[in-house]
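Asks: Once you've had a glance at the structure underneath, I'll fire off some questions.
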Amino acid sequence: MRKTLLTVLCLGALYASASVVYNGAGGTGVIMRQNTVSVKATPTKKTLSKDERAAISLITSMYNSKGFDNSAYLKKHCTKKLLKVLKAAYDYEYDPLPDAYAGWLFRSGAQDGPSNAHKVLRVVSLGNNWYQYTFLDMGIKCTNKVKVIKVGNKLLFDEIKQGQI
């Protein structure tokens, strides 16, 4: 019964969308109307875990407070692995200093910008401890990715990938 009802409904919809036209040569043809339907993805409201919310807060706080410019902040909030990367990048650019790190890797990489605007616009969890943050750096909009892991009860930055300007 259900199959019959479904078949009748489908044929009815097909018939309703078809037009019979005279083709001028003594024959008729069937033209199907093609309706364009725009379908927008319905955003699903994924509930973030407590750690994801804390990581988003950490990223926002670090960038908005310019914690990346502070060696003490970086030592406290980065894993040894990331500190090694930040140290190597700094030593490549400048003369080695004992407590200097390339905190600029958390930024856009631009030398100058059109304004002093400097803030996080959006942070999105990408899964597997990766987050994408979109921000203004001297008024230039950029997006970076950062990995935040939990060590003990503390969240730490573990990797950073600079995006394109």
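The values are calculated or read from the model by the stated rules, or taken from the named source; none is laboratory data. Fair warning: this is a prediction, and the values are worked out from it, not measured in the lab. Glycine gets a Cβ as well: all are built from the backbone with ideal geometry, and neighbour counts include every protein chain shown. Calculation scope for accessible area: heavy atoms of the full protein, side chains included, ligands and nucleic acids excluded. Shrake-Rupley method; radii C 1.70, N 1.55, O 1.52, S 1.80 Å.
Asks: What are the ³J(HN,Hα) values, in whole Hz, obtained from phi via the Karplus relation 6.51 cos²θ - 1.76 cosθ + 1.60 with θ = phi - 60°, for each residue of region 139-153 in sequence order, with x given for Gly and Pro?
Replies: The phi angles translate into x, 9, 7, 8, 9, 10, 10, 9, 9, 10, 10, 9, 10, x, 9 Hz.
Asks: Whenever you get a sec, compute what percent of the accessible area on region 68-165 sits on carbon and sulfur atoms (1.4 Å probe).
Replies: Carbon with sulfur: 48 percent of the solvent-accessible area.
Asks: With every protein chain left in place, what is the accessible area per residue of region 118-165 in square angstrom, probe 1.4 Å?
Replies: 54 Å²
Asks: Is the C-alpha gyration tensor of region 73-138 telling us rounded, prolate or oblate? Criteria: a/c under 1.5 is rounded; beyond that, a/b larger than b/c is prolate, otherwise oblate.
Replies: oblate
Asks: Shifting gears a bit: Would you mind checking the pairs Lys76/Lys145; Lys46/Lys141; Lys84/Lys119; Lys50/Lys87 and listing those with alpha carbons more than 23 angstrom apart?
Replies: With Cα atoms farther than 23 Å apart: Lys46/Lys141; Lys84/Lys119; Lys50/Lys87.
Asks: OK, next. Provide the FRET efficiency to the nearest 0.05 for the Glu159-Leu48 pair, computing r from the beta carbons and using R0 = 22 Å.
Replies: So the FRET efficiency works out to roughly 0.60.
Asks: Over what distance in Å are the Cα centres of region 107-165 and region 48-63 separated?
Replies: If you average the Cα positions of each part, the centres end up 12 Å apart.
Asks: If you don't mind, another one. Under the Karplus relation 6.51 cos²θ - 1.76 cosθ + 1.60, θ = phi - 60°, what is the ordered set of whole-Hz ³J(HN,Hα) values for region 84-91, x standing for Gly and Pro?
Replies: 5, 5, 5, 5, 5, 5, 5, 5
Asks: Just need the relative contact order of region 35-165 here, percent rounded to a whole number, with Cα pairs under 8 Å and 6+ apart.
Replies: Contact order relative to length: 22 percent.
Asks: Lys and Arg at +1, Asp and Glu at -1: add these up for the other residues within a Cβ distance under 10 Å of Asn129 and post the number.
Replies: -2
Asks: Using θ = phi - 60° and the Karplus relation 6.51 cos²θ - 1.76 cosθ + 1.60, list the HN-Hα couplings for region 61-78 in order, rounded to whole Hz, with x at every Gly or Pro.
Replies: 5, 4, 6, 5, 8, 6, x, 5, 8, 10, 4, 5, 5, 4, 4, 7, 10, 10
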